[in-house]
Amino acid sequence: MKVDLSVRLGSLQLKNPVLTASGTFGYGTEYGELLDVAALGGIVIKTITPRPRPGNPSPRIWETSGGMLNTIGLANVGVDAFITDKLPALRKIRTAIVVNIAGSTVEEYWEVVEKLDNEKGFDAYEINVSCPNVKDEGMAFGTNPKVTEKIVRGVRERTQRPIIPKLTPNVTSLSEIARACEAAGADALSMINTLVGMSIDVQSRQPRISTVTGGYSGPSIKPVALAKVFEAHKAVSIPLIGIGGISSAADALEFIIAGASAVQVGTATFIDPRTSLYIISGLEEYCENHDLSRISDLVGSIQLD
């Protein structure tokens with residue numbers, strides 16, 4: 001039996017439900033010698049901002065027993081250099097290309113879209129609303145539903161491409177944020193971004209990373225991410241992309257059964273760059289073994305009775 005692994009996220013068609021997560025796959029071309037990038041359902045490019053960012057000082061990464069801390073600080077070449085230096089190579093990759101965007105103010109999100117939207121070579125935007133708001137004492141945009149809705153609505157007014165806000169778990173009510181995104185015209189939601197974590201060197205009594213706290217990702221956050229996807233699936237009707245600790249087909253299946261239409265693989269790529277391909281094969285095998293002709297039939301199929 002041939003299994004249909006294709007999924008739709010609004011108007012975005014994916015050949016299979018497995019994408020690579022922003023910040024873990026560079027600008028989309030760095031892994032080309034290690035795997036067939038075109039076999040992926042899609043690539044989410046590292047965050048692009050209006051101007052180049054050097055990122056945070058070192059040390060910026062620390063491996064923990066259950067995952068990884070990072071404080072990269074959205075280091076990137078900026079939207080102008082992305083258009084001239086990175087986008088031409090992406091046009092040659094035969095899979096969905098999603099550009100993650102961010103800004104230090106609401107208006108900077110819109111600025112990136114205004115510069116980028118007339119260009120060819122990518123299919124959708126992922127909106128990183130987990131960035132600190134420089135006008136609001138560093139509080140992440142995505143913790144405020146009104147600000148999140150304003151960002152998303154402004155992006156919606158500036159593009160016909162699918163837009164996918166990426167939500168932070170560090171909020172009281174993720175459902176409220178999700179509904180705000182849906183009301184503003186989002187086509188899908190990516191969830192979740194990293195948790196806040198830290199680690200201390202007990203000998204020196206100094207933090208392991210330069211900013212003291214940073215983004216915590218990896219296998220140990222999967223139960224949190226899974227619960228957030230399940231929560232959002234009950235709150236909104238738009239598709240969800242599950243993210244958080246996914247390193248096997250079984251992990252991906254949990255997210256799909258909980259309500260995600262697609263998944264993103266992040267930290268696991270650093271361990272084995274081919275992890276996403278193994279997951280795609282595993283999803284196909286699962287469907288064959290369970291007489292499922294379409295992976296989309298599994299979305300939200302959790303049995304609660």
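Which of Ser173, Asn193, Ile163 sits farthest toward the positive end of the charge dipole of the stretch 134-193, with +1 on the Cβ of Lys and Arg and -1 on the Cβ of Asp and Glu?
Ile163
Is there a quick way to get the dipole size of the chain? I mean about its Cα centre, with the Cβ of Lys and Arg at +1 and of Asp and Glu at -1; what is the value in debye to the nearest 20?
On the way: 29 positive and 33 negative charges, 115 e Å.
Dipole size: approximately 560 debye.
Got the relative contact order for the chain handy, in percent, Cα pairs under 8 Å and 6 or more residues apart? Display every interim value, and only then the final one.
On the way: 709 pairs, mean separation 62.6, N = 305.
Over the chain, the number comes to 21 percent.
Starting from the Cα of Ser175, step 7 Å along the direction of its Cβ; do the same at Ser281; then give the gap between the two resulting points in nm.
In this crude spin-label approximation the distance works out to 4.1 nm.
To the nearest 20 debye, what is the magnitude of the charge dipole of the stretch 133-216 about its Cα centre, counting +1 on the Cβ of each Lys and Arg and -1 on the Cβ of each Asp and Glu? If you can, show how the numbers build up before the last one.
On the way: 11 positive and 8 negative charges, 36 e Å.
That gives a dipole near 180 debye.
With unit charges on the beta carbons (Lys and Arg positive, Asp and Glu negative) and the dipole taken about the Cα centre of the chain, which residue among Ala268, Ala21, Ile257 sits farthest to the positive side?
Ala21
Just subtract the alpha-carbon distance of Lys92 and Glu288 from 0.36 nm times their residue separation and send over the number in nm, one decimal. Numbers along the way, then the final one.
Details: separation 196, 0.36 × 196 = 70.56 nm, distance 3.19 nm.
Fully extending the segment from Lys92 to Glu288 adds 67.4 nm.
Would you count, across the chain, every pair of lysines whose alpha carbons are under 22 angstrom apart, provided the pair is eight or more residues apart or spans two chains?
28
Considering only the chain, what is the antiparallel percent among its DSSP beta bridges, to the nearest 5? Numbers along the way, then the final one.
On the way: 18 of 45 bridges.
Expressed as a percentage, antiparallel bridges in the chain total about 40.
If R₀ is 41 angstrom, what is the calculated FRET efficiency for the pair Lys2 and Glu119, using the beta carbon separation as r and rounding to 0.05? Don't skip to the answer; put the middle values down first.
Values: r = 36 Å, r/R0 = 0.87.
For R0 = 41 Å, the calculated efficiency reads 0.70.
Taken together, the values in this text are just the output of simple stated rules run on the coordinates, not laboratory data. This is a predicted model, so every value here is computed, not measured. As a convention, Cβ positions derive from the backbone with ideal geometry for all residues, glycine included, and neighbour counts pool all protein chains shown.
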